[in-house]
Structure formats: structure tokens, C-alpha cells
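The values are calculated or read from the model by the stated rules, or taken from the named source; none is laboratory data. Predicted, not measured: the structure shown is a model, and the values here were computed from it. Every residue, glycine among them, receives a Cβ derived from its backbone with ideal geometry; neighbour counts consider all protein chains shown. Heads up: the accessible areas ignore ligands, DNA and RNA and are worked out on the full protein's heavy atoms, side chains in. Shrake-Rupley method; radii C 1.70, N 1.55, O 1.52, S 1.80 Å.
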Amino acid sequence: MASSSSLSSVEAAKRAAAYAAVDAYVKPHHQVIGIGSGSTVPYVVERIYERRHELSQSCTFIPTSFQAKNLILERNMRLGDMDTVQELDVTIDGADEVDDGLNLIKGGGACHLREKVVAEASKEFVVVADYRKMSHVLGESWKKGVPVEAAPFAAQRIIRALERFGSTDVKLRMAVAKAGPVVTDNGNLCIDAIFPQTLMRNPDYLLKQIKLITGVVEVGIFTNVCKAAFFGHEDGTVTRQWPDGAKTRTT
């Protein structure tokens, strides 16, 4: 991993947020820790590894994606899975956008099904991101739409249902380095649906309505699950945010 002096300002902001979250929420007595996905998460693993001698020798790490799994294995940390775990002590994950109420948009990397399963199984779920992910209302800064994981057989019907519900732009997410659509870690397709602010202002309602569509596997809106969010800034400071909207900024 690059030294702090060689990191770009945005990467340094991500590292600052990750380190602050790990130091605040990863405890020596923890037995099961979730490792999320995204560009900030490598710094989470880096900090946990630096503090490995403080942790229980039996501590197990649960990944939310192939990316997270590889990060765990690269550090020779104990790998676990959801088949043998009932509850996690804490999960630290990234996010594509976080609003004033700690509602999240996740799924830019098409891992939101696994991320939500792990998040809901955790006693504490914490988000790390850089300052660009902060917003007042979901959809304010994240312009790519709500990620919807869909069973391939139902994808076209889901697209039409989202249009009827009010989406102004619905697209099947296409792969960049290969021809064809993005296929999730679970073998499903990913749909991105843009909604007007009138709907985005009530993310819990929007989430529930989309999940009612037959064939929808999961939705990249996370509500009532995040305990805290840490946002790194270019100057090295970190903003910590709570569900009630309160924020503190520290060096």
C-alpha cells in the first residue's frame, strides 16, 4: 500500500476515514467483523491488519464481495462466511452516497445484496467514504440511479415496472471491459433507475415499493441500518455523522 505522502488528496481522505472508523469501532474482544466493498475498504483492511495484535486471535472476517474476500486472504486474515455466522460484531463498508439521515445508496459495484445481508446481521454497521459522498438528499450527488439487482428472467419486466412507478431513466447496467451486461457475484443482472427528488426524499418508501416488484432480488437503498459514517477530507480531517444528522469534524 502506498505511503501517506504518495497518496492523492482523495485517496488520503479515504484512508483518513477508514482509519478513524476502525479505531472507533473495531474492538479487541470482537469475534466476527464484516469487511465491505469499494475503493475505501482496502484502507479499512490495512488499518485492521496494523492493529491485528490487539484483536482476538480467533477473530473471523466476513467479506461482502470477491474484492473483500481477496483483501482478507492477501493479509492472511481468518476468512469466514455467512453460512456459519449468526451475528457480526461490526461491519465497516463503503457507500456511493450518504444523506443527512444516514440513508445510503450502495451498489455502484453491484455488491449490494451481499452488503445488505451482512449489514443487517451486524450489531453495528459503519460507513467510510470521502467527502464527495456526502449529500442532503439521496440522488443529489449520485446521479447514476438506484441500483436494483434483478433475476435475469425478470429483468425487462422489472424495467417496465420501474418506469410505471416513476423512474425517469432506467437502464440495464452494461459491462465496461466485456460485451454484455454486468453480472453480479450472485449471477444476477443490475438495473440502474433514476427517480425524481419527490421520491428520493422518502427513501424507505421507495425501497419498499421497488422490493415489491416480482423478480427484484435487492435494492441499493439502505435505511435504518447505519450507525455512523466517517467522511475523510482533503485536509486530513474527518467528519463523523450520526443518524440524527449531528456531525463532528476532527483532525
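Filter region 108-151 down to the residues that are among the aromatic types (F, W, Y) and open to solvent by 20 Å² or more (accessible area, probe 1.4 Å), then identify the one that is nearest to V176 (Cα to Cα).
Taking the candidates together, the pick is W142.
Of everything in region 9-52 that's in contact (Cβ under 8 Å) with a residue 24 or more places away in the chain and among the charged types (D, E, K, R), which residue is surrounded by the fewest Cβ atoms within 10 Å (Cβ to Cβ)?
D23
Which of the residues spanning region 53-81 are open to solvent by 60 Å² or more (accessible area, probe 1.4 Å) and either modelled with pLDDT of 95 or more or more than 30 Å from K144 (Cα to Cα) (or both)?
The answer is H53, E54, Q57, K69, N70, L73, E74, R75, N76, R78, L79, D81.
Given the criterion aromatic (F, W, Y), out of contact with any Leu (no Cβ under 7 Å at 6 or more places or on another chain) and either within 25 Å of G220 (Cβ to Cβ) or in contact (Cβ under 8 Å) with a residue 24 or more places away in the chain (or both), identify the matching residue among F61, F66.
F66
Can you tell which of T239, T214, T168 is under 18 Å from the mean Cα position of the chain (by Cα), β-branched (V, I, T) and modelled with pLDDT of 95 or more?
Of T239, T214, T168, the one residue that is under 18 Å from the mean Cα position of the chain (by Cα), β-branched (V, I, T) and modelled with pLDDT of 95 or more is T239.
Got at least one residue in region 116-134 being in contact (Cβ under 8 Å) with a residue 40 or more places away in the chain and on the phi > 0 side of the Ramachandran plot?
no
Kindly provide the set of residues from region 152-169 that are touching a strand residue (DSSP E or B) at 6+ places or on another chain (Cβ under 8 Å), within 30 Å of T198 (Cβ to Cβ) and open to solvent by 50 Å² or more (accessible area, probe 1.4 Å), ordered by number.
Within region 152-169, E163, T168, D169 meet the criteria.
Got a sec? Which strands (runs of 3 or more DSSP E) wholly within region 170-251 have at least 1 residues that are among the polar types (S, T, N, Q) and open to solvent by 30 Å² or more (accessible area, probe 1.4 Å)?
Output list reads 247-250.
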